Amino acid sequence: MKPTTLVLRASMVVLALAACGPGPADDQVAAPNPSMEIVTPQDGDTVSGPAVMTRLLAHDFVVVPAGDTTPNSGHFHLFLDRDVSAAGAPIPAEPGHIIHLGTGADSLNLEVVAPGPHRLIGVVGDAAHVPVQPWIVDTVWFFVR
Ligand SMILES: [Cu+2]
């Protein structure tokens, strides 16, 4: 048997084992693949102002209050018509524009949003408000009439 054939056969065995999924003796847990979703408003929505309700959804991570260091967790932040802040530094706060959902909430009523087009970016930050890396973000554009 040629060495290349051996390597190919060995990788096929590895692939076959990986495809079997967890067995009774397999205590490995799949690595989390966290993401977030801005459910409301949806991208492209036109909504009545001035108050705009936002609802957020966490996929494959735990939403906790700021300061909670549970592994694979974080809290939501909203950037309304602002670019996201730098990686590696705490997210600032700017009333009406950069908002921490530090209680672990997954919804927020933006009380005064001017008529016109808006961009809303959701970012998950860690216990110290630093954006989780790799980024957990979602962006929607919406219009307030
Ligand atoms: Cu925060």
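The values are calculated or read from the model by the stated rules, or taken from the named source; none is laboratory data. None of these values were measured; they are calculated from a predicted model. Virtual Cβ from ideal backbone geometry, glycine too; neighbours counted across all protein chains shown. Ligands, DNA and RNA are excluded from the accessible area calculation, which covers all protein heavy atoms including side chains. Shrake-Rupley method; radii C 1.70, N 1.55, O 1.52, S 1.80 Å.
Here are the numbers:
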| quantity | calculated |
| --- | --- |
| Of the criteria (1) in contact with a Phe, Trp or Tyr (Cβ under 7 Å, 6 or more places away or on another chain); (2) away from the ligand (no atom under 12 Å from the Cβ), which one Pro50 fails | (1) |
| Inter-residue pairs, beta-carbon under 8 Å, first of a type in the set (Asp, Glu) and in the range 42-57, second surrounded by fewer than 16 Cβ atoms within 10 Å (Cβ to Cβ), 6+ apart | Asp43/Thr139; Asp43/Trp141; Asp45/Phe143 |
| Considering residues of the range 86-98 that are within 10 Å of the ligand (Cβ to nearest atom) and over 15 Å from the mean Cα position of the chain (by Cα) only, the residue least open to solvent (accessible area, probe 1.4 Å) | Ile98 |
| Residue list for the range 101-125, filter: within 14 Å of the chain's Cα centre (by Cα) and crowded, with 19+ Cβ neighbours inside 10 Å | Leu101, Leu120, Gly122, Val123, Val124, Gly125 |
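For every residue, the table says whether it meets (1) among the polar types (S, T, N, Q); (2) out of contact with any strand residue (DSSP E or B) (no Cβ under 7 Å at 6 or more places or on another chain); (3) closer than 20 Å to Val47 by Cβ.
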{"position": "Val64", "(1), (2), (3)": "no, no, no"}
{"position": "Asn72", "(1), (2), (3)": "yes, no, no"}
{"position": "Ala89", "(1), (2), (3)": "no, yes, no"}
{"position": "Ile99", "(1), (2), (3)": "no, no, yes"}
{"position": "Asp106", "(1), (2), (3)": "no, no, yes"}
{"position": "Val123", "(1), (2), (3)": "no, no, no"}
{"position": "Ala127", "(1), (2), (3)": "no, yes, no"}
{"position": "Pro131", "(1), (2), (3)": "no, no, no"}
